[in-house]
Amino acid sequence: MALFSDNKNNSQKTPSNSPTFISKEMEVTGNFKGKGAVQVEGILHGNISVDSVVIGKGGVVNGNITAKNVIINGKLMGSIHCDSLEVMHNGSVSNKTVVKNLKVTGELEGKILVSALLEIESTGYVHGEITMNRLITHEGGKLIGSMQEYKEKTKIKEPKKEELNA
């Protein structure tokens with residue numbers, strides 16, 4: 001019997017929807033890039049660029065996140081760029097946040113840009129330079145800092161040479 005086999009039927013494939021999991025006992029240094037999800041319950045020193053990220057209650061990420069969906073119940077010490085972000089009751093984010101929709105029940109600090117909706121729940125705390133389109137603040141929610149309205153960037157049409165010479 002051979003120790004290794006070329007038979008493809010013997011190989012087991014990991015399901016593509018299985019998240020990469022960093023347990024609370026782990027401390028990892030390195031970047032994650034690809035499809036799928038990353039769940040951090042331990043400590044990660046590095047950047048994450050995937051479809052979905054969850055930072056659990058005891059999880060810490062020292063780096064930047066780029067993803068479609070992010071849930072933070074631990075700590076992010078870095079910037080985040082995503083479509084949907086939920087900062088849960090135990091969650092905290094410090095640095096720059098760029099997001100389409102944001103729901104905060106925890107703590108968010110830094111430069112924050114929300115192109116659609118910023119919702120601050122009763123236990124939520126947002127502090128910093130905030131640019132947003134729409135805001136919902138529930139009773140008890142806190143918003144401290146400078147605020148300005150988010151405006152879509154419009155492309156300026158360059159004049160044609162014929163128009164300049166006329």
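One line per residue, one yes/no per condition, for (1) assigned to a strand (DSSP E or B); (2) at positive phi:
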residue	(1), (2)
ASN90	no, no
LYS96	yes, no
LYS103	yes, no
LEU113	yes, no
LEU117	yes, no
THR123	no, no
THR131	yes, no
GLY140	no, yes
LYS151	no, no
Looking at (1) over 29 Å from GLU129 (Cα atoms); (2) at pLDDT 95 or above, can you tell me which one ALA2 breaks? (2)
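Take GLU41 and decide whether it is touching a Ser or Thr at 6+ places or on another chain (Cβ under 6 Å) and modelled with pLDDT of 95 or more.
Values: touching a Ser or Thr at 6+ places or on another chain (Cβ under 6 Å): yes; modelled with pLDDT of 95 or more: yes.
Considered against the rule, which asks whether it is touching a Ser or Thr at 6+ places or on another chain (Cβ under 6 Å) and modelled with pLDDT of 95 or more, GLU41 comes out as yes.
The values are calculated or read from the model by the stated rules, or taken from the named source; none is laboratory data. A quick note: this is a predicted structure, and the numbers were derived from the prediction, not measured. No Cβ is skipped: glycine too gets one built from the backbone with ideal geometry, and neighbour counts run over all protein chains shown.
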